[in-house]
Amino acid sequence: MTPFSFARATNAGDAIHRAGADARYLGGGTNLVDLMRETVERPSALVDVTGLSHDIEERGGGSLHIGAATRNTAVAEHPAVRARYPVLARAILSGASGQIRNMATVGGNILQRTRCAYFYDHAGSRCNKRNPGEGCDAIEGLNRMHAILGASPSCVATHPSDMCVALAALDATIHLEGSAGQRQIPLTDLHRLPDGRPDIETMLEPGELITAVELPASPWLARSTYRKVRDRASYAFALVSVAAALRIESGRIEDVRIALGGVAHKPWRAVRAEEALRGAAPTAAAFRTAARAEMIDAAPLGHNGFKVDLAERTIAAVLGELAGDLA
Ligand SMILES: Cc1cc2nc3c(=O)[nH]c(=O)nc-3n(C[C@H](O)[C@H](O)[C@H](O)COP(=O)(O)OP(=O)(O)OC[C@H]3O[C@@H](n4cnc5c(N)ncnc54)[C@H](O)[C@@H]3O)c2cc1C
Ligand code: SF4
């Protein structure tokens, strides 16, 4: 491991002030420390931000404000999250293990890095995300876990977070603070597709800190769920996952939210499927047609063609479950 300095921030301003060019913010360390051990990440300084806000509180208009240092377990167990945004509680509980969720923070979960094995294999593999311009060994390699949507000839990695898929479906807002001040950005705009620069993963400015996540006040989001398809029942990343919420009024779909995990470099908002469903009758056929519409541009690799059908079936099944609940 490369030597680094360590400081514990007392508040957001202090954290930003302490974070120099090569520094990294430290949440639970469950991803960053692994990457440092593998020398994929070599920060000269760590700024511990676990002492920042870990409050979950109601804000004006009924939105729910979650401090970025809140541990994943605390979010999943919070009564307001469980009652009003069950998709978020279920997504978090489907990830990692109890011990890791007890350590992992909201900010760190959002910014965790891909689990592409070639990205971690510092000594033996080519990776454009690690070394821009070097090439990507996943494209012709073992790519069963990789992207089918929005990938590029530079990178076919997926974003690993379950929590972010739920946040995308919920239209969550991310609160940021940096040397230029505070701003907010929709979660769906925070992560980037790889294009030609897979090493640039988010729209964050250098040194910008995530301070909170805000969930909108929409009572109908209480009718939401998350389903994760994976190789083992626990402790495995998603092959495909679906976060969805459904609002049906007078026999028609009034509103719908669908986001996918395990299929792209960022949490994938299924805009085409949503458009196909708004105003339609909530039938199994409509759900399947919408799921197919979402997959129309899917570009599977050598080992992950199964994900296209799996994603279609999972979208349709989750929407069917929500519609059944409403019947
Ligand atoms: C064995 C294993 C299995 C796992 N399985 C799953 C799974 O199935 N599903 C899943 O979703 N996840 C899974 N994870 C990943 C886990 O969820 C993440 O490691 C965790 O959420 C990261 O949170 P952290 O607080 O530990 O982040 P850290 O490791 O501390 O930080 C991660 C990144 O976020 C940055 N950061 C942290 N806080 C902030 C902030 N406030 N502002 C700006 N930047 C910040 C850090 O600089 C770093 O770049 C697994 C991890 C392991 C080790
Ligand atoms: S898919 Fe992306 S992260 Fe994986 S080896 Fe290729 S460039 Fe690196």
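What follows is calculated from the coordinates using simple rules that are stated; it is not laboratory data. In this text the structure is predicted, and so the values were computed from the model without any measurement. A quick note on method: Cβ atoms are made from the backbone with ideal geometry, for glycine too, and the neighbour counts reach across all protein chains shown.
Assuming a viscosity of 0.890 mPa s and a temperature of 25 °C, what translational diffusion coefficient in µm² per second does Stokes-Einstein assign to the stretch 256-327, Rh being the Kirkwood radius over Cα pairs? Value of D from the Cα-based Kirkwood radius: 196 µm²/s.
Shown for Val229, Val165, Val318: other C-beta atoms within 10 Å of each C-beta, ranked fewest to most, produce the order Val229, Val318, Val165.
Kindly rank 242-249, 44-51, 275-282 from highest to lowest mean number of other beta carbons found within 10 Å of each residue.
Going from most to least packed, we get 242-249, 44-51, 275-282.
Using bins of 10 Å that start at zero, the share of Cα-Cα pairs per bin across the stretch 40-88 amounts to 22, 43, 21, 13, 1, in whole %.
The helix-based estimate of mean residue ellipticity at 222 nm for the chain, built from -39,500 (n - 2.57) per DSSP H run of four or more residues and divided by its residue count, is -8000 deg cm²/dmol to the nearest 500. What translational diffusion coefficient, in µm²/s and rounded to a whole number, does the Stokes-Einstein relation yield for the chain at 20 °C and a viscosity of 1.002 mPa s, taking the hydrodynamic radius as the Kirkwood radius over Cα pairs? Once the numbers are plugged in, D ends up at 106 µm²/s. Each Cα pair of the stretch 204-244 feeds into the Kirkwood radius, which the Stokes-Einstein equation turns, at 25 °C and 0.890 mPa s, into a diffusion coefficient of 180 µm²/s. Each Lys and Arg adds +1 at its Cβ and each Asp and Glu adds -1 at its Cβ; summed about the Cα centre, the stretch 97-203 shows a dipole of about 160 debye.
Spatial offset of the stretch 190-213 relative to the stretch 269-314 amounts to 27 Å, using the alpha carbon center of each.
What ratio of Cα Rg to 2.2 N^0.38 Å holds for the stretch 80-230?
Taking N as the residue count of the stretch 80-230, the ratio is 1.12.
GNM remark for the chain: springs join alpha carbons under 10 Å apart, and the peak mean-square fluctuation among Ala21, Ala166, Ala298 falls on Ala21.
Dividing the convex hull volume of the alpha carbon atoms of the stretch 1-149 by its residue count gives 154 Å³ per residue.
Size check on the stretch 161-232: the Cα extents along the three principal axes, sorted descending, read 39, 33, 20 Å.
Placing +1 on the Cβ of every Lys and Arg and -1 on the Cβ of every Asp and Glu, with no other charges, gives the chain a dipole of roughly 600 debye about its Cα centre. By the Cα gyration tensor, the stretch 61-143 has an equivalent ellipsoid whose semi-axes, rounded to whole angstrom, run 35, 13, 12 from largest to smallest. Other residues within the sphere of radius under 9 Å centred on the Cβ of Glu208, judged by their own Cβ, net out at -1 (K and R +1, D and E -1).
Both the radius of gyration and Dmax for the stretch 174-276 are 16.5, 50 Å, in that order, over alpha-carbon atoms.
In the elastic network of the chain, a GNM with C-alpha springs shorter than 10 Å, the most mobile of Gly108, Gly98, Gly181 is Gly181. Of the residues Leu88, Leu52, the one with the fewest other Cβ atoms within 10 Å heads the list, and the complete ranking is Leu52, Leu88.
Under a Cβ-only charge scheme (Lys and Arg +1, Asp and Glu -1), can you give me the dipole magnitude of the stretch 65-160 about the Cα centre, in debye to the nearest 20? If you can, show how the numbers build up before the last one.
Working: 11 positive and 5 negative charges, 75 e Å.
Taking the Cα centre of the stretch 65-160 as origin, the dipole is about 360 debye.
Positive-end ranking of Thr225, Pro186, Gly133 along the dipole of the chain, with charges on Cβ about the Cα centre, is headed by Thr225.
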